[in-house]
Amino acid sequence: MMMETSITIIKLMKMRFIYIACLSLLLFSCGNSAEEDHAHDAEGNHITTGVPAISKTIWTDQTELFVEFPALVEGETSKFAAHFTALDKHRPIREGSVTVSLIKGDSGIRHTVEAPSSPGIFSPALQPKETGMYDLVFELKTSEYSDRIVIRDVRVYESVAEASENAEEESDAGISFLKEQAWKIDFQTAPVTQGEVYEIVNTSGVWQAAPGTYKILAAGANGMVNFVSENLTEGTEVKKGQLLMTLSSEGLSSNNIQAEIAQAKARYDQAKAEYERKKELYEDRIVPKAEMERVESNFRVAEANYRALASNYGAGGKQIRAPFAGFIKAVNTSNGNYVEQGENLIAIGTDKSRLLKTQISASYNVGKGSIANVWYKNDLGEWKSALDSGGSIVSVGKEVEDLKPMIPIYVKVNDVVERPEGSFTEVQIALGEAETGVTVPEAALLEDYGNYSVIVQTGGESFERRPVRIGKRNGKNAQVLSGLQPGEVVVTTGNYQVKMASMSGETPGHGHEH
């Protein structure tokens, strides 16, 4: 009995060992299955094994398209991960539809998706029916705008083997910076262009009020000042025709405006009556012409004097109103003060245009005709052109003095400038004839101890830090003497983050959030 029991136990132990071994083999097999070796598309679906992944990046004036898809094979379904970025503020397209078409001649196939699978990413699919060379067309429609992007000469292969042998996958060389990373930060790109460059003189300027943009209001009569508002202070905004203060002569024994208006009204009425009587007699040839002219002159003078005194007179006394919309530049009196006619009361100004006074060395022998443009920094610290917004060179000084060896230049600026009068700003003056050269925005430049480089976008998610040699600069754009070609795309905002990604030594895993 004991012998049979021992044999049974041994058999059970062997069966348990075999079971554990089989289970381990199964688990090992599952953990290393081809399931995890497959590539996945934007929705997590498998891409056919052995088909190379293709990626293309196309820019239009409005949109950047970065699309990834398996090489197209006859009879095989290829799903696209199409990343759409609106170049305005470099934001992902969050709503709208995308239609992808595969066209050869007058025929083709298409597929439309009505919404992104995740912000910025659309996932259409196509199943080519015939081999050959096609145009791959993406049509984007949103509530804000529409765009059409064409990728020429896309090949449809006969088999997976042919695609594997001939299709070229994009190299992962360079700096990897995913679209999801760029969409989450302040990011912007710009094309390298051919532009005009000038000889630039760096100087400074001071803001002044342009002629016609301010007016000093004087007292139209003697009287006591009464402020209508408690907030009548420098910088307060006012509307055209707004009542600012009144001048009251109530209680004054002399220089009483009310009494003066009454007297002027009486003289006016008397002169008018005499003029009308004499006019009838003159028409009947009873009164001579000289007499008629004397009476008419007295009437016109009395009328003008009365209307001048009575203008802007209302409840509370003589009214002082804003002549245009703007702001208070200066208040030259106080509430309750007695003022005499002609005294300055208040100054009203506007920011509709400004006068920028700058200066340049006499060695440049500059004249109005030799100044091509003037740039200044606005209140946001951005470079702005004075002439591009309708401004003009008002005047250029003709003489210099021993103690003032600089030539003054006055520039009218039509842009609204939120800077106090008398404040300074950086100025750049473009002189002479323009030269044509390769240019990039100043913001694209990265400087390291006098050496310059830019971040070039070589693909949708691939970048390259490239050294450049720069020439003339105008604050907004810089001339590139070597290192870039027109049509390339550089990062203008967020380039520091891409630079740091290249220095971290870590390449982010290639994948997308969906």
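The values are calculated or read from the model by the stated rules, or taken from the named source; none is laboratory data. Quick caveat, the model's predicted, so the values are computed rather than measured. Quick reminder, even Gly has a Cβ in these numbers, built from the backbone with ideal geometry, and neighbours come from all protein chains shown.
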>> List pairs: first residue in region 148-163 and within 23 Å of residue 112 (Cβ to Cβ) and in the same structural domain as residue 71 (by TED's automatic domain parsing), second residue assigned to a helix (DSSP H, G or I) and β-branched (Val, Ile, Thr) anywhere in the structure, Cβ distance under 8 angstrom, at least six positions apart or on different chains.
In response: none
> Exactly one of (1) small (Gly, Ala, Ser); (2) touching a helix residue (DSSP H, G or I) at 6+ places or on another chain (Cβ under 9 Å); (3) more than 29 Å from residue 470 (Cα to Cα) is unmet by residue 432. Its number?
Replying inline: (3)
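Within region 324-348, how many residues turn out to be closer than 17 Å to residue 229 by Cα, assigned to a loop (DSSP other than H, G, I, E, B) and within 36 Å of the chain's Cα centre (by Cα)? Give the steps one after another, and end with the answer.
Step one: filter region 324-348 for residues closer than 17 Å to residue 229 by Cα, giving 325-337, 345-348.
Of the ones still in play, those that are also assigned to a loop (DSSP other than H, G, I, E, B) are 325, 332-337.
From what's left, within 36 Å of the chain's Cα centre (by Cα): 325.
Adding up the residues that qualify gives 1.
Out of the strands (runs of 3 or more DSSP E) lying entirely within region 419-514, which hold 1 or more residues that are aromatic (Phe, Trp, Tyr), modelled with pLDDT of 90 or more and buried (at least 20 other Cβ atoms within 10 Å of the Cβ)? Outline the logic, then answer.
Working: elements: 424-441, 446-448, 451-457, 462-473, 477-482, 489-493.
Counting at least 1 such residues, we get 462-473.
Any chance you could count how many residues in region 356-391 are small (Gly, Ala, Ser) and more than 15 Å from residue 205 (Cα to Cα)?
Within region 356-391, the subset small (Gly, Ala, Ser) is 361-363, 367, 369-370, 372, 381, 385-386, 389-391.
Imposing the further condition that a residue be more than 15 Å from residue 205 (Cα to Cα) reduces the set to 362-363, 367, 369-370, 372, 389-391.
The qualifying residues number 9.
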> Tally time: how many residues in region 355-393 are out of contact with any Leu (no Cβ under 7 Å at 6 or more places or on another chain) and over 29 Å from residue 443 (Cα atoms)?
Replying inline: 6
>> Please determine whether any residue of region 151-164 is surrounded by 15 or more Cβ atoms within 10 Å (Cβ to Cβ) and touching a Lys or Arg at 6+ places or on another chain (Cβ under 6 Å).
In response: yes
> Looking only at residues in region 118-136 that are part of a loop (DSSP other than H, G, I, E, B) and buried (at least 18 other Cβ atoms within 10 Å of the Cβ), which one is nearest to the chain's Cα centre (by Cα)?
Replying inline: 120
>> Among the residues of region 380-396, are any surrounded by 16 or more Cβ atoms within 10 Å (Cβ to Cβ), over 30 Å from residue 468 (Cα atoms) and in contact (Cβ under 8 Å) with a residue 40 or more places away in the chain?
In response: no
